[in-house]
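Read the structure below first, then the notes.
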Amino acid sequence: MTQLPIVNLPAGDPASAAKTAAGCQTPGLPADKTQLQRLPKWLKRQLPKGNANHFTAGLLDELRLETVCDNARCPNRNECYSQKTATFMILGNVCTRPCGFCAVSRGRPEALELDEPTRVAEAAYRLGLKHVVITSVTRDDLPDGGADHFYQCVLAVRERTGAAVEVLTPDFVTCKPALDRVVEAAPEVFNHNTETVPRLYRRVRGPKSDYAWTRALLRRVKELNPNIKTKSGLMLGLGETTEEVFEVLGDLLEAGVDFLTLGQYLQPDPVRYMPVVRYVPPEEFHDLGERAKAMGFKKVASGPFVRSSYHARDMAESF
């Protein structure tokens, strides 16, 4: 198997680190600063045909709902919308964390919309969803990090649709006991992304992130409710090594994680975000996925376009 390259990034500011990793003048840019790295052929996709894409987008607009598909510039947006599915993003569209990889807007969020759980449930019902994925921005400004809002959304969706619910939560690191409130709603799947390896953690996820707490969070979900399936994922291509990846996978298994996703990091724009150090070929993703299954994960999705909630229903129902 091809070794992921070791990149020793300096401990200074993100721009300096990105410059070293990419070997160029500014993060992820050639000297002329005009474009992102050229995408390899396996990362180019055709747009799906049909009107379902417009139906989904129109419904979300009508109900004033945000999705991670739009806000995080997900490469699978058109495919998912064309299949009348989306990952709902609650708690607004402004995040309080300055993560080095995420395209979601950051700044001072607005007040919670108390009718949002009802609107999420209505959208799930009108889309005919049988597996509903709910994620959020990080809200360090709220005393509970938005945990009770997650709780209300899970209950509203379940009551309106009877669908299985998967939550993809922030880390609640500023109020760790708040995690218990989300678990109290008993979502069928509890997803929290690890994102990257410990060496790159603070640089990728920001100064408030804590790799040890990510592991502890996933472990606590299982302790509180062993019937909830837990899930986590990593982005590849940020400079991690193969050994580091498998050390993380061992940690996740030790924390009781059931489902794993591995996908390619794509830089949202060439100035504000961490550069892509390497595009991992599809065959290498396949190999990593097979090795992860052999380690003991119950379900693994591994590929360049895999994201946290990509084909989430298939993963949960096939278990």
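Rule-based calculations on the coordinates, nothing more; no lab input. Just so it is clear, the model here is predicted, and its values are computed rather than measured. Cβ placement follows ideal geometry from the backbone for every residue including glycine, while neighbour counts extend to all protein chains displayed.
Could you work out how far the C-alpha centroid of the range 126-151 sits from that of the range 172-200, in angstrom?
Cα centres, the range 126-151 to the range 172-200: 12 Å.
Restricting to Cα atoms and excluding each atom paired with itself, what does the Kirkwood estimate give for the range 77-225 in Å? Provide the component values of the computation, followed by the final result.
Working: mean 1/r = 0.0631 Å⁻¹.
Answer for the range 77-225: a Kirkwood hydrodynamic radius of 15.9 Å.
Based on a Kirkwood Rh over C-alpha pairs, give the Stokes-Einstein translational diffusion coefficient of the range 87-137 at 4 °C and viscosity 1.567 mPa s in µm²/s.
The Stokes-Einstein estimate is 106 µm²/s.
What aspartates and glutamates sit close enough to Lys299 to cross-link, taking a C-alpha to C-alpha distance under 14 Å and skipping anything fewer than 8 places away on the same chain?
Excluding near neighbours in sequence, the set is Asp258, Glu290, Asp314, Glu317.
Tell me, what HN-Hα J-couplings in whole Hz come from the Karplus equation 6.51 cos²θ - 1.76 cosθ + 1.60 at θ = phi - 60° for each residue of the range 270-277, using x for Gly and Pro?
Whole-Hz 3J(HN,Hα) from phi for the range 270-277: x, 10, 8, 10, 4, x, 6, 7.
Cross-link candidates for Lys176: which aspartates and glutamates have Cα within less than 18 Å, leaving aside residues fewer than 8 places away along the same chain?
Asp140, Asp141, Asp144, Asp148, Glu184, Asp210, Glu223
How charged is the neighbourhood of His131? Take every other residue with its Cβ under 11 Å from the Cβ of His131, and add Lys/Arg as +1 and Asp/Glu as -1. Provide the component values of the computation, followed by the final result.
Values: positive: Lys130, Arg313; negative: Glu166, Glu188, Asp314, Glu317.
Every neighbour counted, the sum reads -2.
HN-Hα J couplings of the range 87-92 from phi, Karplus 6.51/-1.76/1.60, θ = phi - 60°, integer Hz, Gly and Pro as x?
Couplings: 9, 6, 10, 9, 6, x Hz.
So for the range 102-257, averaging the separation of alpha carbon pairs under 8 Å that are six or more residues apart and normalising by length, what relative contact order in percent results?
On the way: 212 pairs, mean separation 30.6, N = 156.
Relative contact order comes out at 20 percent.
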